[in-house]
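Undergrad: Please see the structure below; I have some questions.
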Amino acid sequence: MSLISCKQINFAYLFFLDRMDIQKYVQPVNFLDLSGHSVGTSSAVLRERVEFARERQRNRFAGIARINCNAQMTAALAKEHCNLEAEERRLLEQAYAHFHYSSRASTNF
């Protein structure tokens, strides 16, 4: 039987700790609020928006192998296609400071 070294424990701890910023607790929604008869955006309008977004992504990644949508973007592609203005960058910096996000989380936004 082998003993686990402190280095292995530290690595495992940091490995899981680094991924904890991916989760965020959200208040549950009341069922009665969901089942209400409020007027919202129609399915046809939503379908049109989704199709427009899909077409835009197909055009964006037309010459890039194995990339079909935004979810598959690498960090380099995100940096190339998703430039932040000064105001957005300031807002992101505030979120990092407030929620203590790790540097790994920077590619998730």
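No value in this document is a laboratory result; all are computed from the given coordinates. Not measured: the values here are computed from a predicted model. Don't worry about glycine lacking a Cβ; one is built from the backbone with ideal geometry, like all the others, and counts go over all protein chains shown.
Undergrad: Express in nm, to one decimal, how much length is gained between N68 and R90 on full extension, taking 0.36 nm for each residue of separation and deducting their alpha carbon distance.
TA: Between N68 and R90, full extension yields 4.9 nm more.
Undergrad: Send over the Kirkwood Rh of segment 59-109, from the inverse of the averaged 1/r over different Cα pairs, rounded to one decimal Å. Display every interim value, and only then the final one.
TA: Values: mean 1/r = 0.0803 Å⁻¹.
One over the average 1/r among Cα pairs gives 12.4 Å for segment 59-109.
Undergrad: Using the basic label-point model (7 angstrom from Cα toward the beta carbon), what is the K79 to R60 distance in nanometres?
TA: 1.7 nm
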